[in-house]
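Inspection log for the structure reproduced underneath, given as structure tokens.
The values are calculated or read from the model by the stated rules, or taken from the named source; none is laboratory data. A quick note: this is a predicted structure, and the numbers were derived from the prediction, not measured. Note that each Cβ is placed from the backbone with ideal geometry, even for glycine, and that neighbours are counted across all protein chains shown. These accessible areas exclude ligands, DNA and RNA; they are computed on the full protein's heavy atoms, side chains included. Shrake-Rupley method; radii C 1.70, N 1.55, O 1.52, S 1.80 Å.
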Amino acid sequence: GFLCLLLPVQSPGDIATVSARKAAPDFSLVDSQDIRIKLSAYRGKVVLLDFWETFCGGCMIEIPWYMEFQNKYKDDGFAAIGVSMDDDGWKSVKPFLKKMPVNYPIVIGNQDLANRYGGITSFPLTLLIDRNGKIAESHAGMVDKSTFENEIKTLLQEKPTSNR
């Protein structure tokens, strides 16, 4: 099993400078509505990518924040995607979604995806991906809600560059 962290591993740092950001590895996974979610299709948006598990307390605290951000900023070009890393996949996630209907896509991740993101050792792990598909910030463990919101607002103000 993985650690579930209620405190941030690192203090929320500044968003990485644009030149220092690395591309977020693409993935294509089917969500709980059987819709295929492809990360690269979100290019041009600021994406909050949340790796979580149903039995992680910190994740349960953060998910309602992400739902709020989704409502508040979706018209500005923001999108949240949840990646459940539960071992039994939909068996745990579907009942959870019945109790807490999340307003953004939830997909089931796997070890291959975790490895492509540098190996995930604890939850929640939340990445903020800029409009160019690059990782601007990575938070392991729970972070203060206002910190997240400020980072999202900052990234929404950035303009996407046209060159690939």
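Within the stretch 95-110, being touching a residue at least 12 places away in the same chain (Cβ under 8 Å) and assigned to a helix (DSSP H, G or I) holds for PHE96, LEU97.
Looking only at the stretch 111-164, count every residue that is outside any helix (DSSP H, G or I), of a type in the set (Val, Ile, Thr) and more than 14 Å from PHE51 (Cβ to Cβ) and tell me the total. If you could, list the steps in order and put the result at the bottom.
Restricting attention to the stretch 111-164, the residues satisfying the condition of being outside any helix (DSSP H, G or I) are 117-144, 158-164.
Then keep just the ones that are of a type in the set (Val, Ile, Thr); that gives 120-121, 126, 129, 135, 143, 161.
Cutting the leftovers down to more than 14 Å from PHE51 (Cβ to Cβ) gives us 161.
Result for the stretch 111-164: 1.
When ASP88 is tested against (1) in contact with a helix residue (DSSP H, G or I) (Cβ under 7 Å, 6 or more places away or on another chain); (2) in a loop (DSSP other than H, G, I, E, B), only condition (1) is not met. The residues in the stretch 134-164 that are modelled with pLDDT of 95 or more, open to solvent by 60 Å² or more (accessible area, probe 1.4 Å) and β-branched (Val, Ile, Thr) can be counted, and the count is 1.
Would a scan of the stretch 46-62 turn up a residue that is open to solvent by 30 Å² or more (accessible area, probe 1.4 Å), outside any loop (DSSP other than H, G, I, E, B), at pLDDT 95 or above and not hydroxyl-bearing (Ser, Thr, Tyr)? Looking for residues that are open to solvent by 30 Å² or more (accessible area, probe 1.4 Å), outside any loop (DSSP other than H, G, I, E, B), at pLDDT 95 or above and not hydroxyl-bearing (Ser, Thr, Tyr), one finds none in the stretch 46-62, hence no. The residue that is farthest from the chain's Cα centre (by Cα), among those in the stretch 110-133 that are buried (at least 18 other Cβ atoms within 10 Å of the Cβ) and among the charged types (D, E, K, R), is ARG131. Taking (1) under 12 Å from the mean Cα position of the chain (by Cα); (2) open to solvent by 10 Å² or more (accessible area, probe 1.4 Å) in turn, VAL107 satisfies each apart from (2).
Restricting attention to the stretch 66-78, does a residue exist that is at pLDDT 95 or above, part of a loop (DSSP other than H, G, I, E, B) and in contact with a helix residue (DSSP H, G or I) (Cβ under 7 Å, 6 or more places away or on another chain)?
Residues of the stretch 66-78 at pLDDT 95 or above: 66-78.
Next, only the ones that are part of a loop (DSSP other than H, G, I, E, B) stay: 77.
The next check asks that each one be in contact with a helix residue (DSSP H, G or I) (Cβ under 7 Å, 6 or more places away or on another chain); those that pass are 77.
Scanning the stretch 66-78 turns up at least one residue that is at pLDDT 95 or above, part of a loop (DSSP other than H, G, I, E, B) and in contact with a helix residue (DSSP H, G or I) (Cβ under 7 Å, 6 or more places away or on another chain).
For (1) open to solvent by less than 70 Å² (accessible area, probe 1.4 Å); (2) under 15 Å from the mean Cα position of the chain (by Cα), each residue gets a yes or a no:
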site: GLU68; (1), (2): no, yes
site: ASN71; (1), (2): no, no
site: PRO95; (1), (2): yes, no
site: LYS98; (1), (2): no, no
